[in-house]
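Following: one structure in structure tokens, then a few remarks.
Values quoted throughout were computed directly from the atomic coordinates according to the rules given, and no laboratory measurement underlies them. Bear in mind that the values here come from a model prediction, so they are computed numbers and not experimental data. All Cβ positions, even for glycine, are placed from backbone atoms using ideal geometry, and neighbour counts span all protein chains on display.
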Amino acid sequence: MGGRVRHIDDIELASTEEGKISISVVDEPYGSDSASVISIGVFLKKDKPEPDWKVHIPAENVEEVLAALHFAQCKL
């Protein structure tokens, strides 16, 4: 992952003793002039340097993803 990383928040990962979800904004993640993304990293152990899983969400898709997550939550 290239570009500048701006850490936003860490959230405790439910059902784990040491896990977390890390939210960041990455500017120019794929090289010069690439659009910023929101990076969501899932760590099974908080102290690991890299997440076990991560996803990059383009800014243009954030509202749709939030709506889909809310809808999925209602189906739980």
Inset, instruction - Considering the options 58, 36, 74, tell which one lies farthest towards the positive end of the dipole of the chain, charges being +1 on Lys and Arg and -1 on Asp and Glu at the Cβ, about the Cα centre. - result: 74
Legend entry - Theoretical ellipticity at 222 nm over the chain - DSSP helices of four or more residues, -39500 (n - 2.57) apiece, nearest 500: -5500 deg cm²/dmol
Legend entry - Stretch gain in nm, segment residue 67-residue 46, where the contour uses 0.36 nm per residue and the Cα spacing is subtracted: 4.8 nm
Inset, instruction - Take every Cα pair under 8 Å in segment 4-74 that's 6+ residues apart, average their separations, divide by the length, and report that relative contact order as a whole percent. - result: 23 percent
